[in-house]
There are 4 protein chains.
Amino acid sequence: MDHFPNLSFASDYMEGAHPAIMQRLAETNLLQSAGYGTDEFSEAARRKVRTACRAPEADVYFLVGGTQANATVIGALLKSYQGVLAPASAHINVHEAGAIELGGHRVITLPHTDGKLSAETVLAALAAYDEDETREHTVMPGMVYISQPTETGMLYSLAELQAISDVCRMYGLPLYVDGARLAYALACPENDVTLADLARLCDVFYIGGTKCGALFGEAVVIPQHGFIPHFFSIIKQHGALLAKGRICALQFDALFTDGLYDTIGRTAIEAADRIRTALREAGYREAYPSPTNQIFVLLDKEKARRIAERVELSFSENVDETHCVIRFVTSWATTGENVDRLIRVLKEE
Amino acid sequence: MDHFPNLSFASDYMEGAHPAIMQRLAETNLLQSAGYGTDEFSEAARRKVRTACRAPEADVYFLVGGTQANATVIGALLKSYQGVLAPASAHINVHEAGAIELGGHRVITLPHTDGKLSAETVLAALAAYDEDETREHTVMPGMVYISQPTETGMLYSLAELQAISDVCRMYGLPLYVDGARLAYALACPENDVTLADLARLCDVFYIGGTKCGALFGEAVVIPQHGFIPHFFSIIKQHGALLAKGRICALQFDALFTDGLYDTIGRTAIEAADRIRTALREAGYREAYPSPTNQIFVLLDKEKARRIAERVELSFSENVDETHCVIRFVTSWATTGENVDRLIRVLKEE
Amino acid sequence: MDHFPNLSFASDYMEGAHPAIMQRLAETNLLQSAGYGTDEFSEAARRKVRTACRAPEADVYFLVGGTQANATVIGALLKSYQGVLAPASAHINVHEAGAIELGGHRVITLPHTDGKLSAETVLAALAAYDEDETREHTVMPGMVYISQPTETGMLYSLAELQAISDVCRMYGLPLYVDGARLAYALACPENDVTLADLARLCDVFYIGGTKCGALFGEAVVIPQHGFIPHFFSIIKQHGALLAKGRICALQFDALFTDGLYDTIGRTAIEAADRIRTALREAGYREAYPSPTNQIFVLLDKEKARRIAERVELSFSENVDETHCVIRFVTSWATTGENVDRLIRVLKEE
Amino acid sequence: MDHFPNLSFASDYMEGAHPAIMQRLAETNLLQSAGYGTDEFSEAARRKVRTACRAPEADVYFLVGGTQANATVIGALLKSYQGVLAPASAHINVHEAGAIELGGHRVITLPHTDGKLSAETVLAALAAYDEDETREHTVMPGMVYISQPTETGMLYSLAELQAISDVCRMYGLPLYVDGARLAYALACPENDVTLADLARLCDVFYIGGTKCGALFGEAVVIPQHGFIPHFFSIIKQHGALLAKGRICALQFDALFTDGLYDTIGRTAIEAADRIRTALREAGYREAYPSPTNQIFVLLDKEKARRIAERVELSFSENVDETHCVIRFVTSWATTGENVDRLIRVLKEE
């Protein structure tokens, strides 16, 4: 069976949508509206996103998925001869099947710590480009891409983000933040980066819906109005323009009504924190000190195999002959009962 | 107001989804499944599509939208130095913002009648290429793109489609049919092309969902299993892979359960036929003899202006100083009451 | 035999280079210089081109061939979502194997007369785009491409070029002129467009070398310094940067020394004029009233066949069952003796 | 002054062409021939290249430059969703300004030793791809690119090349060898890889002309006839088709007449060997044990500065605060007298 009636911590996109979102879609279903995001539902959702980001002038676009959003934004920001600076672990480098290159651009990979770039690393890369006498024969850095949280669930602090933003602005490079799992960053007690901070420090970022309770959808936020001219056409050219644009917008309307986006994040983080506590008590070792909704555990393969027989997982990475890393992911849909069951499994194995 | 509480025949993508689809999404909403279309819901939907197409070996993929499906399929079928033959009126040539060119390919436009290519036109283009002594300096035709129905609602007959298919096979060129509004073709009394015919005569086609009752989604059918190797990666590279693939698949599951796709088409065609009859009785002239759910009326601009004050329309094209073409579109959601109201307007003006 | 010891009017790129060019290459052959056009020979050639164009601030780049120059310039001028307006007969549309599309852009073809666009046609296309309510779903016109002379040897007058330039500037679109055979335009008595006019009215143009006496090479002129930032890297990215850049530059140095480019053009035009006079006297019909170095003759196929047995030709186009068009091309290398021989053939057949 | 009348070891593309090449161009200059490499001169040159490679069936194409050849070949060999495996130091990764990405493909970089990939590294990369459960979300390796010699002048032995070829064939991946400086590899006493070996073990390779005595030009060799269908059109689409194709071909005709390509290589290697001997005697340290025409010397910056005042160099790389690497390059044009002068400088500083 492919849909797991039992215990699963495989990912945060295994269910449909948060019931409040389903409700919003159902109640508007037979109303008529114009297409392509030019409707009043979409406009209302954009207003809510702007308010949440304290960015009253922001351009907001609702795209269907993360790879699509990344390819469209990066294709819009780069000149033909430029590449995007990113940590080697970046989603655009690892798991987007060459979508950036299809658009004609290189992902210029940089060293990172747990998926995080430092301002120093970015600065060094830009300085190295400037000092390279053969730079006109190389790919020019044209923007910076990072994720909050990273692929392994880590967070940039406000100070770290500010520092990267400062370097970008000094060099005139747009900073773009991929927020596929942003709800889970925002809800972390450790987190000190707000949506308003992102709007202040980034040139473009997206607020993830697909992995944060929506059926699908990512809200691309461009804080400075008009920063990307003709972005509508660019979205269309990338095959990323939804005819019934409202279907995406309505979901973000729900996510930004009555604090749902926060609630979704908090639910997942509380579940993850309970699991983390149990893991520590049972003597497990975390592979990365992730405070968000992904927990990476380093353990011996035999034990991993036994756990995987009882819990649905989707990620396993070999570390050496006898050890591997497995991942538990919580979400808005994780129940306390299932957390209890998982903790039981972890203690028994 | 952007969502029209009143009378609208602007398009067939103004509502959400057919209630049966909303029902299917709601009832499965909290079930868990694997991502990216590898789940059992997606497999079930694929089986239903295969059955409907009498193509038991077909590869079936669910994509989000039409431009996306076209760019992905065409990018997959063409070699880097090839272009796609299409009528000049084709959606890929007119309204996709250069998505095909972004992928590196030319749309090679051919003359057409009401949006339809003839087998003779395709043959002539291929023969001209073969006879051109400078052909190695030109763009090589690599496939043929047509729509059923066309942009202006016209149908290919089975004989016409067979003839185009024969030319394509003689020359070894894939034939691809864009079925954005396929339900409305299939439901026409005039139509003699079945899904099974499409599966037999095309190399790839898509069954439209977005404009035929779904929230979004197009089912790409590749009748011959394995005809496009690595199509999954190609979809991913085009940013067209839905994380919660089941959300698209479940909608097609519903569309191909209890004949819903047929019902949707029939509802729209019956409404359109009633409007067409009223138009003729009232002495209006149709711009194209479309038998599907789009009706194009040629009339003087003053009259068009008056009608547009009372009925929401989205399409108007100038013909000369004093005349224009307006369009009425029906759909699965068109009610008999609104058809009555429209007919009243048409008779009064 | 492939190199024709006998009578040939097949094209203007059948020999090596004008002897003065060979002489310049030979006398500098063992001198050393820096690569990639950063050397003093290249700088000297740029100065001569600037002087000839009365464009003291111009950026000048030497590229190897016409398709390469077109793809590189057009790729540099267009945004990702834009296309290039061009007559349907344009080289970029007909004989460049999809090089512009490989770079991600559409060639937006316009109607023309003998390969010439009119300002009215350009204006109409731009106005139609502006008035199209769906324009954001279409390919945005981003620049204008024309050729001087056209593919069939016709000339834009200064008034015509000025009018097109005016439209382009009104709409903020760059105007680019492909001058593959520019020498033959400049040398025509009918011509009233100088290099200085091109520099004044265009944003980019290229002065053809390959078909005008060089071994190869086209001088891309950008009258306004800095108009295309990072053009060096764009050239490199297009594989269009010659390591020994001086080899191309030295040829243009020779072409713009002692009026060689004029001499080359004049030699070809005088030969073509003698042939045209003989054709009229012998009752032949010209297919286009070309005043440049290409002469297109409309005649019955049998006669064409007989001529082709005695004269090497490379172009023949069927007009109807019994008629075709053949082409005679003169060049800097055409001798008076061979013109006499051709005239004899034309009179005898 | 940019052309160095004095002592220069900056690169191997500072002069025009070997006098035998200039002679061949001069003596054929006024002969007429067909364009685009369809002429008899080109055919004769192809025959000579086939003979030299003992590859009687090989397709041979003459392209203008290395970046152009790489972009064209790689664009032809890869499917849209594939990338090219290459050492991180590869020219396509470092110094081609994103030409491969412009064509839509990723350069998948691998660890290397002095620019050389090992068969084990390639095998590990291919195995890792096969074992990656998420591989359909990643860029698929589609071919392998290496250089002989490498960027730092190192050689693959026949055994090493054979091993890489074996891995490629086991996995069905084309192997492509960039031979920009191939003459200098072939002439090395240490070298045991012949042109015939390359033809046997690679799917495509190119024999460098630009850096080996030609004005410009690289001979792309495809040992198996028809391995790349429509390569002519692909070349044209990349703007890489020379109108006067013979100008490139005649140079390779000369290079493969009377052993000129060997002579050119030997002249450079003998000069380099004399310099290497002198360096060792004078106690200098080589940064890489290159046996070809590039010598990389590690020394303190002050000494490097003093040498650079007396000898023209083009390459300098910082190693640490006080040390750097400088490069001496010899060529077919290096005279014994200048080698003596350089040795004197090295001993005096």
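In order along segment C:184-191, the Karplus-derived 3J(HN,Hα) couplings, from 6.51 cos²θ - 1.76 cosθ + 1.60 at θ = phi - 60°, round to 6, 6, 4, 8, 6, x, 5, 6 Hz, and Gly and Pro are given as x. Amide H contacts for D:GLU286 (H built 1.01 Å from N in the peptide plane; partners 5 or more residues away or on another chain; cut-off under 5 Å): D:LEU298. Among C:LEU260, C:LEU186, C:LEU25, the largest mean-square fluctuation in a Gaussian network model of chain C, built with springs joining Cα atoms closer than 10 Å, belongs to C:LEU25. Closest approach to the axis carrying A onto D, counted by Cβ on chain A and given in whole Å with its residue, is A:GLU101, 3. Out of C:ALA304, C:GLY265, C:PRO291, whose Cα points farthest toward the positive end of the dipole of segment C:260-348 (charges: +1 Lys, Arg; -1 Asp, Glu; placed on Cβ)? Checking the options against the dipole of segment C:260-348, the answer is C:ALA304. Label-point spacing at C:LEU31 relative to the other copies reads 3.0, 7.7, 8.0 nm, in ascending order, each point sitting 7 Å out from Cα along Cα→Cβ. Distances between placed amide hydrogens fall under 5 Å for C:ILE108 paired with C:VAL84, C:LEU85, C:ALA86, all partners being 5 or more residues away or on another chain. Around the amide H of C:THR194, modelled in the peptide plane, lies no amide H under 5 Å away from a residue 5 or more places distant or on another chain.
With neighbours defined as other Cβ atoms within 10 Å of a residue's Cβ, the residues C:ILE343, A:ILE74 order from fewest to most as C:ILE343, A:ILE74. Distances between copies of A:THR51, taken at a point 7 Å out from Cα along the Cα→Cβ vector and listed shortest first: 4.8, 7.0, 8.4 nm.
Arranged from fewest to most other beta-carbon atoms within 10 Å of their beta carbon, C:ASP262, D:ASP130, C:ASP253, C:ASP114 become D:ASP130, C:ASP262, C:ASP114, C:ASP253. For chain D, adding -39500 (n - 2.57) for each run of n ≥ 4 DSSP H residues and dividing by the number of residues yields -12500 deg cm²/dmol at 222 nm. Antiparallel versus total DSSP beta bridges in the protein assembly as shown: what percent is that, nearest 5? The answer is about 55 percent antiparallel. What number comes out for the charge environment of A:ARG50, summing +1 per Lys or Arg and -1 per Asp or Glu over other residues with Cβ under 11 Å away? Summing Lys/Arg as +1 and Asp/Glu as -1 gives +1. Summing charges over neighbours of B:SER118, with a neighbour being any other residue whose Cβ is under 15 Å away from its Cβ, gives -3 when K and R count +1 and D and E count -1. Ranking D:GLY65, D:ALA90, D:PHE205 by Cα position along the charge dipole of segment D:19-255, where only Lys, Arg, Asp and Glu carry charges on their C-beta atoms, puts D:GLY65 farthest toward the positive end. For A:VAL84, what charge total do you get from the other residues with a beta carbon under 13 Å from its beta carbon, if Lys and Arg give +1 and Asp and Glu give -1? Taking every other residue near A:VAL84 into account, the sum is -2. In terms of distances greater than 23 angstrom between alpha carbons, the cross-link table entries B:LYS79/C:LYS116; C:LYS116/C:LYS347; A:LYS301/B:LYS236; A:LYS211/B:LYS236; C:LYS79/C:LYS236 yield B:LYS79/C:LYS116; C:LYS116/C:LYS347; A:LYS301/B:LYS236. Summary for D:ASP166: label point 7 Å along Cα→Cβ; distances to the equivalent points in the other copies, ascending, 5.5, 5.6, 7.5 nm.
Any read-out appearing in this document is the output of simple, stated calculations on the displayed coordinates, not a laboratory observation. Just so we're clear, the structure is a prediction, and the values are computed from it rather than from any experiment. Every residue, glycine as well, gets a Cβ built from its backbone with ideal geometry; the counts of neighbours run over all protein chains shown.
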